[in-house]
Every structure is written in C-alpha cells, then in structure tokens.
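Before any comments, here is the structure.
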Amino acid sequence: MSGPAATGPVLLADVGGTNVRFALADPLRGQPLLSDSIRRYRVVDFATFTDAALAYLGECGVRARRGVFAFAGQVRDGEVQVTNHSWSVSRERVRAELALAHAVFVNDFAAMSLCVPLLGASDVHRIGDAPPPSLEGTRTFAVVGPGTGLGVGALLLREGRAAALETEGGHTSFAPRTEEEIEVLRRLTARFGRVSNERLLCGSGLSNLHEALGEIHGVLDGTLTPEEITRRAGAGEDAACVRAVETFCELLGAVAGDFVLAFGAWDGVWLAGGLTPLLLPWLERGGFRRRFEDKGRFTEAMTRVPSTAILHPDAGLLGAAAFALQEPAA
C-alpha cells in the first residue's frame, strides 16, 4: 500500500473490562505512540466497541485507515468476547464500520508484553535485589498484571525481533500454600465453584480476599471496594485491610514466580496492570519477593530473576503501537 493509508495515523485501542483507551500512532517514529492523542472512556457508556471508536474519532477529528486493537479476552479467528464485560467484537465488522483498510486484533497482554522494549527509565521500577533486566540478545520474560482482571503474557526477544505470547494465564487455578490460604480457597469455592487466580488477584479479587480473611478471623466489616481497602491499609487504620493487601502481594509474588517457571522466563518478570502502581509500596516490603523466590529446588535460581513494575500510565496503548510498528502497511 502507498499513499495516505500507509503513512497516516494508526488507530489504537486498549480495551479492558472497565475502560477503553484510544490513541493514534505514527509507525514512522521510534516512539510511535502519540501521547497527546490518548483518550479514555468507560465501556459501560457505549453499546458497542465501534460506538466508542467513532466517538473518539469524532472528538479528535481524524480519519485512520489502519487499526491495532488490544482486548482483554481470547482472540480467535478475528472474534473476541471481552472478559468482564458484555462487548462481543468482530474484526471484519469493526473494519467495515470504521472504514479501515486493515485491522489487527490482539490480546491485551500480548500488547502489554510488546510495550517493554519501548519503556523509558521513568516508566519502570525494580522490585527486590536481583540485577536489572537486560533486553539485549535472546531473552524470555513473563508479564503479569492485576487490574480489572489478571492479565498474563510473555515477551520473547529473538535475533533483534520481539514477539509476544497471547495467554489466558490469569484463569489458571489458585494454589494455596498456607493454612490461611486453604481456608480462603474453601470460602471462595463455596461462592464461585472453581477458583482461578483472577478471583483473588484483580480489583474485585482484593475485595474477595478481604471478605474471606475477615470471615476467617471474625473481623469482617462489610464488603469494601478495592479503593477503600487500599486507602485504609495505606492509612494504617484497619488491620484487616492491611492483612488483605499484604496477602494480595504475597499471592501475586507466588503466581508471578509460577509463570517464570512455566515460561522459562529466567530473564525476568514485568508487573503491569492498574493495581501495580497503587500497590508499589506494599510490593517492596518483602512479601512479594519472598513468595516469588520460594520455589523449592529452584529457589536459588529465582533469587537471580529480576522483577520490575511497569509504571507507564498507558502501557497497553504503547504495546498496541509496538504492534503497529511490526504490521505491514496493508
């Protein structure tokens, strides 16, 4: 393709269960994400993904001929049902309704994984004492992120090229380690049946965890939002909220370490998602790394695996822009 469709802006979207973010990318730039084009909308305010995209394009007054759209959900044959929301989206329908010549659907944590090589020094924060990760040569990284759900991906660097694994790893089964965690599992099993890691390691999961721990210790003070739990914990005014946040970070460490083992991600794990920046002080207190490294015969190896928090506020869009760099203008 040549002309405006090849050289014009690429429409980007990062679609979660709560918010959808749009932006434009210029694939001719080394840093392709156009930060002044970023807009965020609540998914509940639109009947369809296309309605939200048209609202964004109308607000910006631009026309795009290519699109890269990252969705929280499994993408199969150009179709995706957004996890934790009712949107069901078809690539061909979106391409026609937005008059796009070319549209790419990807899993949101594949996009999140591809953002890593584009991150700047101020976009990351190392957790623990392991040496900082290197992006040179052949590398394999796990990418784990608690937000509305629990996203899991992997970044593969091979011969100067980056590739990402699209997974639904957040829906792997919760594996308790302590007696307290076994009691948490019993209560959540009674409520949900099967208990995935996402049932604990996301926004609503923090509320589930707080409620279960409150029942176990006889100190339940009603169902609290994740925002209220983290606020009370940060203020030091509620021991039950402190315990819930501490346990959340410990479990996140255990799960992140499991994906290092599963993916062979000895070069590091990247923590993404909307909750990571909010929990950073708690992640640094030690419980996260203790459970991350506590892997039996592989404990010594895990002490050398770096863990890094992604602080970029629109990392998913940055990853979608990275996909735009890889996609041919066709």
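The values are calculated or read from the model by the stated rules, or taken from the named source; none is laboratory data. Remember, predicted model here, so these are calculated numbers, not experimental data. Reconstructed Cβ throughout: ideal geometry from the backbone, glycine too, with neighbour counts over all protein chains shown. Quick note on the areas: whole protein, heavy atoms, side chains included, nothing else; ligands and nucleic acids left out. Shrake-Rupley method; radii C 1.70, N 1.55, O 1.52, S 1.80 Å.
Taking label points 7 Å from Cα along the Cα-to-Cβ direction, Glu79 and Thr18 give a separation of 3.0 nm.
The candidates Met112, Met302, arranged from most to least accessible area with a 1.4 Å probe in the full protein assembly, appear as Met112, Met302.
Packing around the peptides 237-250, 268-281, taken as the average count of other Cβ atoms within 10 Å per residue, puts them in this order, highest first: 268-281, 237-250.
Toward the positive end of the charge dipole of the range 216-330, with +1 on the Cβ of Lys and Arg and -1 on the Cβ of Asp and Glu, the farthest Cα among Ala244, His312, Ala254 is that of Ala254.
Taking the accessible area of the range 290-330, probe 1.4 Å, and keeping the other protein chains in place, the carbon and sulfur fraction comes to 53%. For Asp45, Asp51, the ranking by accessible surface with the largest value first comes to Asp45, Asp51, using a 1.4 Å probe. With a ≥ b ≥ c taken as the square roots of the eigenvalues of the C-alpha gyration tensor of the range 109-244, please select rounded if a/c is under 1.5 and otherwise prolate if a/b is larger than b/c or oblate if it is not? It is prolate, given that a/c is not under 1.5 and a/b is the larger ratio. Compute the distance from the alpha-carbon center of the range 185-242 to that of the range 113-179, in whole Å. Here the answer is 25 Å between Cα centres. Over the range 233-330, Cα pairs under 8 Å with separation of 6+ residues give a relative contact order of 31 percent. For the listed peptides 224-230, 164-170, a ranking on the average number of other beta carbons within 10 Å per residue, highest first, reads 164-170, 224-230.
Go ahead and run the numbers for FRET between Arg187 and Thr223, Cβ-Cβ distance against an R0 of 22 Å, rounding to 0.05. List each step's numbers first, then the result.
On the way: r = 13 Å, r/R0 = 0.60.
Plugging the Cβ-Cβ distance into 1/(1 + (r/R0)^6) gives 0.95.
Here the range 4-43 is treated with +1 on each Lys and Arg Cβ and -1 on each Asp and Glu Cβ, and its dipole about the Cα centre works out to around 180 debye. When the charge dipole of the range 143-233 is built from unit charges on Cβ atoms (+1 for Lys and Arg, -1 for Asp and Glu) and taken about the Cα centre, the candidate among Gly169, His217, Ser196 whose Cα reaches farthest toward its positive end is Gly169.
Of all trypsin sites (Lys or Arg not before Pro) in the range 62-143, which ones are in loop regions per DSSP and have a Cβ with at most 15 other Cβ atoms within 10 Å?
Arg63
Rounded to the nearest 20 debye, the dipole size of the chain about its Cα centre is 580 debye, using +1 on the Cβ of Lys and Arg and -1 on the Cβ of Asp and Glu.
Running a GNM on the chain with Cα contacts under 10 Å, which residue among Gly257, Gly193, Gly149 ends up with the highest mean-square fluctuation? Looking only at Gly257, Gly193, Gly149, the largest GNM fluctuation is found for Gly193. Here the relative contact order of the chain, from alpha carbon pairs under 8 Å that lie six or more residues apart, stands at 22 percent. Note on surface exposure: Cys202, Cys60 rank Cys60, Cys202 by accessible area, highest first, 1.4 Å probe. Between Ala96 and Leu261, residue separation times 0.36 nm minus the direct Cα-Cα distance comes to 55.2 nm.
Going by the alpha-carbon gyration tensor, a ≥ b ≥ c the square roots of its eigenvalues, is the chain rounded (a/c under 1.5) or, if a/c is not under 1.5, prolate (a/b greater than b/c) versus oblate? Prolate shape, in that a/c is at least 1.5 and a/b is the bigger ratio.
Ligands, DNA and RNA aside, Asp123 has an accessible area near 30 Å² when probed at 1.4 Å. Apply the a/c threshold of 1.5 to the C-alpha gyration tensor of the range 1-143 and tell me whether it is rounded, prolate or oblate. Prolate. Accessible surface of the range 1-111, 1.4 Å probe: 46 percent of it comes from carbon and sulfur atoms.
So if I place +1 on the C-beta of Lys and Arg and -1 on the C-beta of Asp and Glu, and nothing else carries charge, what would the dipole magnitude of the range 1-123 be about its Cα centre? I want it in debye, nearest 20.
180 debye
Normalised per residue, the accessible area of the chain is 43 Å², obtained with a 1.4 Å probe and no contribution from ligands, DNA or RNA.
Can you tally the net charge around Glu59? Count Lys and Arg as +1, Asp and Glu as -1, for every other residue whose Cβ sits under 15 Å from the Cβ of Glu59.
Numbers: positive: Arg21, Arg39, Arg40, Arg42, Arg63; negative: Asp36, Asp45, Asp51.
Its environment carries a net charge of +2.
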